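Let me begin by presenting the structure, written as structure tokens, before commenting on it.
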Amino acid sequence: MRGRDDDRISGYLDGELSEVELSQFKNDLSEDAALRDQLDQIAAVRGRLRTMGDVAAPFGFFERIVNRERRHRRVGALMGVAAIAAALLVLVSATPVAEPIEFVVGIDQLVAQHATASADMSSMIELDDDHKAHILGEADLSTMDLTVRHAVRTSDGTDWVQYGRKDGTMLSVFRQPGTLAAGWMPDDAEAMEMGGDDAWIMQRLGRDVLVAEHDSMVFTLVADDYDDLMDTMHHELPDASGGLSDDLSNAAMVVIDLFSFS
Amino acid sequence: MKRVGSSSSSHSDPAEQVPTWEEVARDYGGFIYTVAYRLTGDHPQAQDLSQEVLLRVRKGLETYLPGSMTGWLSRITTNAFLDSTRRAKRRPEEPFADNPERVLAGDVGADEALERGDLPEHLQEALRSIRPDFRGAVVLCDVLGFSYEEIARHLDVPIGTVRSRIHRGRSELRDLLS
């Protein structure tokens, strides 16, 4: 007999012995009490292993991973557009930058400003009889450029450029001269590094917000929530196969990927 | 847990579509975590391993062929686990008997332990104490229900090696639990 290390025991229990092995093993079993004991012991262990149940992950564990991944994608999009926005803002701004002063960025006000201007975009998404979504107007799904909706300098010296994205959402970039006052950061903001500068991300009124300071200028980016848009449309079309049209969905993903630094 | 190997009718679904990464995380997260915990025997490590698996899933989803998601995830999880144990190989293993919290209740019979309801943890502790390559084979076979051929494919080793690892793993468990 081969005793404890006879792996034919496991092969036998798992139905994995060849016919020749099986025949020989059965013969050995009939003649070897120790082998039968080994078989019983291994069978018991095998049986107990097979009763092991599911193990629950900590509450919200995978949701947090998914949300973090979504946030990274959004931040990547925001960061990429920031470079374009900064370049365009140079063209928009004709006057010298004011002497830096410390201030507290009025995030809620900027988000409200963005949201008011974004409201018109809802009319640019139309559902057809097949529940497919189409973008109306000048947005072009076949190209990747962002469309500047408007660019203004407000009376307080804030430059504001708003872009239309091809997924039907809007993105605003605000630039304000000065530096962030100490302790301005909201409790729900998450700090991160962006190209060597500090930046903070948060959510306000369903929008993603990124605040960054660079060269005595404060940039505040406000983006419509891509996932909220998707969720809303899926919710409104519970019976529609596929929900959003492939074109819209794919274009949205390309926009996200294009401006991601990951 | 639900066994997913070829012996189970839930093994494959020909109508399955390729899910998105988020759908994998949402719909199969619990499965990944269970396998990760069975392999690591430790919640923090299971969380790390689950995140590593999802990272590999995101990179490899393009190569996934519909019909064997749980098998695919089992393979990724097991290989990620074995990779991590190889990386950690230079760190000394903690001897099983030196940690009082991990010493098995050797004088308690299986039936009594089952009645007492504490066998699963002891079994998990024992599982955690056997060699990682034995553990991977045992989990794939006994917890997940894969055939030797499937395990050989998952681990890229000969079937004879699979049989040897499973048996040696079970033998070590028997010794730890007796």
Original post:
In terms of solvent-accessible area of protein heavy atoms at a 1.4 angstrom probe, what is the ranking of B:K59, A:K26, highest value first?
Top reply: B:K59, A:K26
Original post:
How much area per residue is accessible in region A:3-49 when the probe is 1.4 Å and only protein heavy atoms are counted (Å²)?
Top reply: 52 Å²
**OP:** Ignoring ligands, DNA and RNA and using a 1.4 Å probe, state the total buried accessible area between B and A in Å², rounded to the nearest 100.
**Re:** 3400 Å²
Original post:
Of the heavy-atom accessible surface of region A:3-49 (probe 1.4 angstrom), what whole percent is carbon and sulfur?
Top reply: 43 percent
Original post:
With charges set only on the Cβ (+1 for Lys and Arg, -1 for Asp and Glu), what does the dipole of region A:3-49 come to about its Cα centre, in debye to the nearest 20?
Top reply: 240 debye
Subject >> Spacing of the two label points (7 Å from each Cα toward its C-beta) at A:F103 and B:A88, in nm >> reply: 5.2 nm
**OP:** Extending each Cα 7 Å along its Cβ direction at A:A44 and A:S23, get the distance between those two points in nm, one decimal.
**Re:** 3.3 nm
Subject >> For peptides B:154-160, A:19-25, sequence by mean Cβ density within 10 Å, most packed first >> reply: B:154-160, A:19-25
Subject >> Accessible-area value, A:W160, 1.4 Å probe, nucleic acids and ligands omitted, Å² >> reply: 20 Å²
**OP:** Could you tell me the accessible area of B:S178 in Å² (1.4 Å probe, neighbours in place), rounded to the nearest ten?
**Re:** 90 Å²
Original post:
Hey, what do the phi angles of region B:129-145 turn into as Karplus ³J(HN,Hα) couplings, whole Hz, using 6.51/-1.76/1.60 and θ = phi - 60°, x for Gly and Pro?
Top reply: 8, 8, 4, x, 6, 5, 4, x, 5, 5, 5, 4, 7, 8, 8, 9, x
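The values are calculated or read from the model by the stated rules, or taken from the named source; none is laboratory data. A quick note: this is a predicted structure, and the numbers were derived from the prediction, not measured. As a convention, Cβ positions derive from the backbone with ideal geometry for all residues, glycine included, and neighbour counts pool all protein chains shown. Keep in mind that these areas ignore ligands, DNA and RNA; they rest on the heavy atoms of the full protein, side chains included. Shrake-Rupley method; radii C 1.70, N 1.55, O 1.52, S 1.80 Å.
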